[in-house]
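*Asks:* Okay, handing you the structure first.
The values are calculated or read from the model by the stated rules, or taken from the named source; none is laboratory data. In this text the structure is predicted, and so the values were computed from the model without any measurement. Here the Cβ is made from the backbone with ideal geometry for all residues, glycine too, and neighbour counts use every protein chain on show. For accessibility, only protein heavy atoms count, side chains too; no ligands or nucleic acids. Shrake-Rupley method; radii C 1.70, N 1.55, O 1.52, S 1.80 Å.
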Amino acid sequence: MLLLTGTQWLSHPAVQAWRTVSLAITVQALPFLLLGTALSGAINAFVPADLFTRVLPKRPALAVPVAGAAGAILPGCECASVPVASSLIRRGVTPAAAFAFLLSAPAINPVVLTATAVAFPGSPAMVAARLLASLATAAVMGWLWLWLGREEWLRPLLRHRHTGHRHGHSRWTEFRLGFQHDFLHAGGFLVLGAMAAATFNVTVPGSVLDTFSGSPWLSVLFLAGLAVLLAVCSEADAFVAASLTGFSPTARLAFLVVGPMVDLKLIALQAGTFGRAFAWRFSTATTVVAVAASVLIGGALL
């Protein structure tokens, strides 16, 4: 329908920039979405149903920080963590622990921490602050879910625990079907999130950055909001933060902590995977907790 109106508008610089940014975000995230959905399918098809419940502590309050610390083993971005967390819930892991893993995995894995060290040479405090603030946010959000969360906020499919591989079915067939469903389902929401982030990139002028950089509190809130809107992959966000030299270290820490946990493409993925009732509540609470953790830990270390 748009093409019927003519194609001259496609050559407009703003439209070309929008197409480039939207495609860049999508291409940047797709390999990690593939990794996440492949892991999700493998967990569902090949991993014994009771493995995770046996490994994690029995008490949910203790399982939350353990699952958060386990996020360090998945070298992927936020797109990979959503389908994996969904698969963990379906396999019987308490949602609070799965959500702690979902938040920590893209923020504290070795690839992200190494990239942060490279982006901030001679500043190990920034790496330590990112690690501690991200772990604290993941743990607090897991405990908040134990305290205030309701399973009716989740999609009905996630409320019914799977018992693992079903006898009489090929494990590879289950893997293929699970991978295909998760990738196509989450991929559509990824594209919508990338389009929303590209719209912000093109429409907001760079002079807005200068307006907020002078105020310590406004700069923290602005960079936290910017992280949500830019939707930069966690493997690359440290270099973006390092380029924002007009902002305080604490404000840039907020950018690094909030971004991997709450951005437009991640909100869209969470809404598609867990449900809209969950996504808007969880994203709002995570943003508040991440900003508070960044201010407290950044103020102490940076």
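*Asks:* Residues that are aromatic (Phe, Trp, Tyr): list the helices (runs of 4 or more DSSP H) wholly contained in segment 51-150 that include at least 3 such residues.
*Replies:* Fully inside segment 51-150 and qualifying: 124-148.
*Asks:* Taking Ala29 as the residue in question, decide whether it is under 16 Å from the mean Cα position of the chain (by Cα), modelled with pLDDT of 80 or more, buried (at least 24 other Cβ atoms within 10 Å of the Cβ) and aliphatic (A, V, I, L, M).
*Replies:* No: the conditions fail for Ala29.
*Asks:* Consider Ser87 against the criteria (1) at pLDDT 80 or above; (2) buried (at least 17 other Cβ atoms within 10 Å of the Cβ); (3) polar (S, T, N, Q): it satisfies all of them except one. Which criterion is unmet?
*Replies:* Every condition holds for Ser87 apart from (1).
*Asks:* Between a first residue in segment 113-133 that is in contact (Cβ under 8 Å) with a residue 12 or more places away in the chain and a second residue that is open to solvent by 40 Å² or more (accessible area, probe 1.4 Å) and not in a helix (DSSP H, G or I), which pairs have beta carbons less than 7 Å apart while being 6 or more apart in sequence or on different chains?
*Replies:* As it stands, the answer is Ala125/Leu302; Met126/Leu302; Ala129/Leu302, since those pairs meet every condition given.
*Asks:* For the list (1) under 21 Å from Leu253 (Cα atoms); (2) modelled with pLDDT of 80 or more, I need the number of the one condition that Glu78 fails.
*Replies:* (2) is the only condition that Glu78 fails.
*Asks:* Something else now. From the list Ala129, Ala117, Ala96, pick out the single residue that is open to solvent by less than 10 Å² (accessible area, probe 1.4 Å) and either at pLDDT below 90 or more than 16 Å from Ala67 (Cα to Cα) (or both).
*Replies:* That would be Ala129, the only listed residue that is open to solvent by less than 10 Å² (accessible area, probe 1.4 Å) and either at pLDDT below 90 or more than 16 Å from Ala67 (Cα to Cα) (or both).
*Asks:* So which residues in segment 230-242 are open to solvent by 20 Å² or more (accessible area, probe 1.4 Å) and either modelled with pLDDT of 75 or more or in contact with a Ser or Thr (Cβ under 9 Å, 6 or more places away or on another chain) (or both)?
*Replies:* Once the filter is applied, which keeps residues that are open to solvent by 20 Å² or more (accessible area, probe 1.4 Å) and either modelled with pLDDT of 75 or more or in contact with a Ser or Thr (Cβ under 9 Å, 6 or more places away or on another chain) (or both), segment 230-242 yields Leu230, Phe239, Val240, Ala242.
*Asks:* Right, something else. Being of a type in the set (D, E, K, R), surrounded by 23 or more Cβ atoms within 10 Å (Cβ to Cβ) and more than 26 Å from Leu148 (Cβ to Cβ): is that true of Asp210 here?
*Replies:* no
*Asks:* Right, next: Pull up segment 247-302, narrow it to residues that are within 12 Å of the chain's Cα centre (by Cα) and within 13 Å of Val220 (Cα to Cα), then point me to the one that is surrounded by the fewest Cβ atoms within 10 Å (Cβ to Cβ).
*Replies:* Among those that are within 12 Å of the chain's Cα centre (by Cα) and within 13 Å of Val220 (Cα to Cα), it is Thr287.
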